[in-house]
Amino acid sequence: MEANRIYNFNPGPATLPLPVLKEAQAEFLNFHESGMSILEISHRAKEYAAMQAQAKADIKELMGLGDDYEVLFMTGGASTQFAFLPLNFASKEHPGSYVLSGSFAEKAYKEAEHLGIGEIVASSKEGGYRHIPTQEELKIDKDAAYVHLCYNNTIYGTEYHYIPDTQGVPLFADMSSDMLSRPLDFQKFDFIYAGVQKNLGPAGVTLVVAKKSFLEKSPESLPTMFKYETFFKKDSLYNTPPAFNIYMVGKVAAWIKAEGGLAEMEKRNKKKAARLYGVIDASNGFYRGHAEKDSRSFMNVTFRLPSEELEKTFVAEALAKGLSGVKGHRSVGGMRASIYNAMTYEGVDALACFMEAFEKAHA
Ligand SMILES: *Cc1c(COP(=O)(O)O)cnc(C)c1O
């Protein structure tokens, strides 16, 4: 591990690849021989244009998407997308359908509900969001404008391991916490978005990857900045974009490509997750995983200890060993280790070894 750096298991903002941070540091004062930093350069400059175009191309290449999809860089985080989706696409006749699988899925639904144009088509709330609703649990409304999923539930530590068949209803997904973490048949999705601060870069830009047909035309009644059409037609440059954040997302995408793409990310992420779930499953109930086994997330591993007292000790002792950010979200309690693309196996193994030693000392 790099001197002065700790292992950061925080859910977001989260750890970023060290080579990316170093590269950004090295070219900070002189971006692409412009004599300016990325923070200072005009977003109309040719150096900026080349950077943004490359970032978009790399993201689409990683996802295996063609000309019928477009990449947008927006602001306001995933939370603003929660409102933009119903505003742009839903109506009383064609409501937005929501699958409730956790806190962020609920928040997305609430925005549509507030507008009177949202409906719930499945929910695993009962029992504390321990599983991802199955295909059989989904009650598809053929008249819906879209079916909205939260693909990885950051707080509860559950993740989809199948792509629902929505019977022709457009499929929308919040992939804030598992975007570019593994290959998927992305063509099955019509609209994907992510606040980038989990897996892709610094907080402040929202990535949208969607079919052009959903972006070309937006309701006239909406303010300019609420329309996807505005971002689509102006290549995300209608107003001043968060240039540094987009630049960092581009660097992370290039890093993923250089490391071997999404297949390699999946291999690493599965290996990391297996190490931690292995400790949980071998602990004879000392560690209790929150998620049901078939819904376990490769990104956020959630678990409880025998008492809240021990959980406090666990967090403090972990931090003393350079393992930061393992405290779970207050709505679930317990622990959560977020192990996104940039978290190394070395870091996960250090946490797993700590867990094994902690169990020995306290079981
Ligand atoms: C963190 C998170 C959000 C909220 O993202 P913001 O960019 O902070 O608005 C939404 N959905 C998921 C799945 C998340 O993990």
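Read the figures in this text as sums done on the coordinates, not as results from a lab. In this text the structure is predicted, and so the values were computed from the model without any measurement. Glycine gets a Cβ as well: all are built from the backbone with ideal geometry, and neighbour counts include every protein chain shown.
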Along each principal axis of its Cα atoms, how long is the chain end to end? Whole angstroms, biggest number first, please.
63, 55, 31
Which loop-located trypsin sites (Lys or Arg not before Pro) does the stretch 1-67 contain, where loop means any DSSP state but H, G, I, E or B and the Cβ has at most 15 other Cβ atoms within 10 Å?
Arg5, Arg44
Charge dipole of the stretch 211-340 about the Cα centre (unit charges at C-beta), most positive-ward option of Trp255, Thr230, Thr302
Trp255
Assuming 0.36 nm per residue, please report the length gained on full extension of the stretch Glu40 to Asn4 beyond their Cα-Cα distance.
10.1 nm
Two-site FRET efficiency, Asp235 against Ala357, from Cβ-Cβ distance with R₀ of 45 Å, rounded to 0.05:
0.30
About the Cα centre of the chain, how large is the charge dipole given +1 on each Lys and Arg Cβ and -1 on each Asp and Glu Cβ? Please answer in debye to the nearest 20.
520
Quick one: among Asn284, Asn300, Asn269, which has the greatest mean-square fluctuation in a GNM of the chain with alpha-carbon springs under 10 angstrom?
Asn284
Note, the stretch 241-248: 3J(HN,Hα) by Karplus (6.51, -1.76, 1.60, θ = phi - 60°), whole Hz, Gly/Pro = x, goes x, x, 4, 4, 5, 5, 4, 5
Put +1 on the Cβ of every Lys and Arg and -1 on every Asp and Glu Cβ in the chain; which of Leu100, Val348, Phe84 then has its Cα farthest towards the positive end of the dipole?
Val348
For the chain, built as a Gaussian network whose Cα springs stay under 10 Å, the top-fluctuating residue of Asn341, Asn30, Asn245:
Asn30
Between His290 and residues 5 or more places away or on another chain, which pairs have amide H atoms under 5 Å apart, with H built 1.01 Å from N, and which residues are they?
Thr302, Phe303, Arg304
With DSSP loop assignment and no more than 15 other C-beta atoms within 10 Å, the GluC sites (Glu not before Pro) in the stretch 208-254 are Glu216, Glu220
List, in order, the whole-Hz ³J(HN,Hα) value for each residue of the stretch 16-21 obtained from phi through the Karplus relation with A = 6.51, B = -1.76, C = 1.60 and θ = phi - 60°; use x for Gly and Pro.
10, x, 4, x, 5, 4
Kindly count the pairs of lysines across the stretch 163-287 whose alpha carbons are less than 12 Å apart, treating pairs on different chains or eight or more residues apart as eligible.
4
Extension gain Gln54-Asp349, at 0.36 nm per residue separation less the Cα-Cα distance, in nm?
102.8 nm
Taking the Cα-to-Cβ direction at Ala26 and at Lys142 and moving 7 Å from each Cα, how far apart do the two end points lie in nm?
5.8
